[in-house]
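> Shown below is the structure under consideration.
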Amino acid sequence: IETVETLFDRSEIYILLLHYFHKRASSNSSKQSSFSFDSIDHRIQHYLIRELLSFATQRHRISSLSPRSAPLAAMSRALPTGGGTFQPLRHRSGTLRDRLHGYTKQTLGAGGSLNDAVALPPGESCAGWVAVHAIDFYNDVSTIWAVMAEDPYLDSFRPGEGFPSGVEYRWSEGSGRDATTVSVSAPVYIEKVLQWIADQINDETKFPDDDDEAEALRVFQTPQFAALCGQIFRRLFRVYGIIYSSFFGTLEALQMAPHLNTCFKHFMFFCTEFGLLPEREMEPLEVLVKPIRKQYYLAKGK
């Protein structure tokens, strides 16, 4: 990849790689060979899918791939063809956010460990590192949710039915005297959370993405920004809880469970590294969280 990057855009290279994988899989019908896209290490597969979907959404190239892979096909069908709501949030080239995002791309793209991927690079700002990952994890969850967004099954959820049992999802609209709080269903809660996060990230006063690194760091290092990021990570965790409790079977049938699990593991490694989730917040998903955190600490030698 490094050799040909001078000739091709990096996302173009991923598309060429995927074409190669599908060609190899379709041309070799021998039972002795099981080579396919799904045989790639899940960390690399996860990285390729995320980069490919982001690129294809921006340039409307997804239809030209004709993917045979079930997870890729499912996500491509879920992507908007025109004015859909899912749009990956990007980092503008040459900015602090783009530079920090590059560390993760290099580590995951090369098949590096998740511990290495979440660790703060030497000499970099912890606040900036958290800011960039808030955006990347939002993109992960949005990509997964895009698969379910048009499923008629979502209409069967009623307000007041949450996860864990007995939890009611409420959402506040407006401010001051005009503020209203309504009970919403789990799918509506996810939609509102993702829209709220997108609104925060697209607000340049909260998530600056300009050439002035010093100004961006000034914003990222404020107590207000720390509180905002804490809220973003807590809400993303709740979205994962809903997806695992209500939609895992559907995603498993689409062969997307490995991608979901890799995204969640990456998310949890990062949250554990920087202490972003209160213990009480994680209790409902302890059966998933506990073994992931155990892997994190074992890899860290703790």
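The values are calculated or read from the model by the stated rules, or taken from the named source; none is laboratory data. Everything numeric here is computed off the predicted structure, so don't read it as measured data. Cβ sites come from the backbone with ideal geometry, for glycine too, and all protein chains shown count toward neighbours. To get the accessible areas, we keep the full protein, side chains included, count just its heavy atoms, and leave off ligands, DNA and RNA. Shrake-Rupley method; radii C 1.70, N 1.55, O 1.52, S 1.80 Å.
> Testing Ser246 on (1) within 16 Å of Tyr169 (Cβ to Cβ); (2) under 16 Å from the mean Cα position of the chain (by Cα), one condition comes back false. Which one is that?
(2)
> As an exercise: evaluate Met268 against (1) without any contact (Cβ under 8 Å) to a residue 24 or more places away in the chain; (2) of a type in the set (A, V, I, L, M); (3) surrounded by 20 or more Cβ atoms within 10 Å (Cβ to Cβ) and give the number of the one condition it does not meet.
Evaluating Met268 over (1) without any contact (Cβ under 8 Å) to a residue 24 or more places away in the chain; (2) of a type in the set (A, V, I, L, M); (3) surrounded by 20 or more Cβ atoms within 10 Å (Cβ to Cβ) leaves (1) as the failure.
> Go through the residues of segment 294-302 one by one and say whether even a single one is at pLDDT below 95 and either surrounded by 17 or more Cβ atoms within 10 Å (Cβ to Cβ) or under 15 Å from the mean Cα position of the chain (by Cα) (or both).
yes
> Residues in segment 169-214 that are in contact with a strand residue (DSSP E or B) (Cβ under 9 Å, 6 or more places away or on another chain), surrounded by 11 or more Cβ atoms within 10 Å (Cβ to Cβ) and among the hydroxyl-bearing types (Ser, Thr, Tyr): how many?
Residues flagged as in contact with a strand residue (DSSP E or B) (Cβ under 9 Å, 6 or more places away or on another chain), surrounded by 11 or more Cβ atoms within 10 Å (Cβ to Cβ) and among the hydroxyl-bearing types (Ser, Thr, Tyr) within segment 169-214 amount to 3.
> Scan segment 127-144 for residues that are among the aromatic types (Phe, Trp, Tyr) and either open to solvent by less than 10 Å² (accessible area, probe 1.4 Å) or over 19 Å from the mean Cα position of the chain (by Cα) (or both) and report the count.
Adding up the residues that qualify gives 2.
> In segment 233-266, what residues are out of contact with any Cys (no Cβ under 7 Å at 6 or more places or on another chain) and either within 19 Å of Ser125 (Cα to Cα) or among the small types (Gly, Ala, Ser) (or both)?
Gly241, Ser245, Ser246, Gly249, Ala253, Ala257
Yes/no matrix, rows are residues, columns are (1) without any contact (Cβ under 8 Å) to a residue 60 or more places away in the chain; (2) in a helix (DSSP H, G or I); (3) open to solvent by 50 Å² or more (accessible area, probe 1.4 Å):
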position	(1), (2), (3)
Gly230	yes, yes, no
Arg235	yes, yes, no
Gly241	no, yes, no
Ser246	no, yes, no
Leu251	no, yes, no
Gln255	no, no, yes
His259	no, yes, no
Thr262	no, yes, no
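> Among (1) out of contact with any Cys (no Cβ under 8 Å at 6 or more places or on another chain); (2) aliphatic (A, V, I, L, M); (3) over 23 Å from Ser165 (Cβ atoms), which single condition is Leu276 missing?
(1)
> Failed condition for Gly166, given (1) in a strand (DSSP E or B); (2) without any contact (Cβ under 8 Å) to a residue 12 or more places away in the chain, with all others met?
(1)
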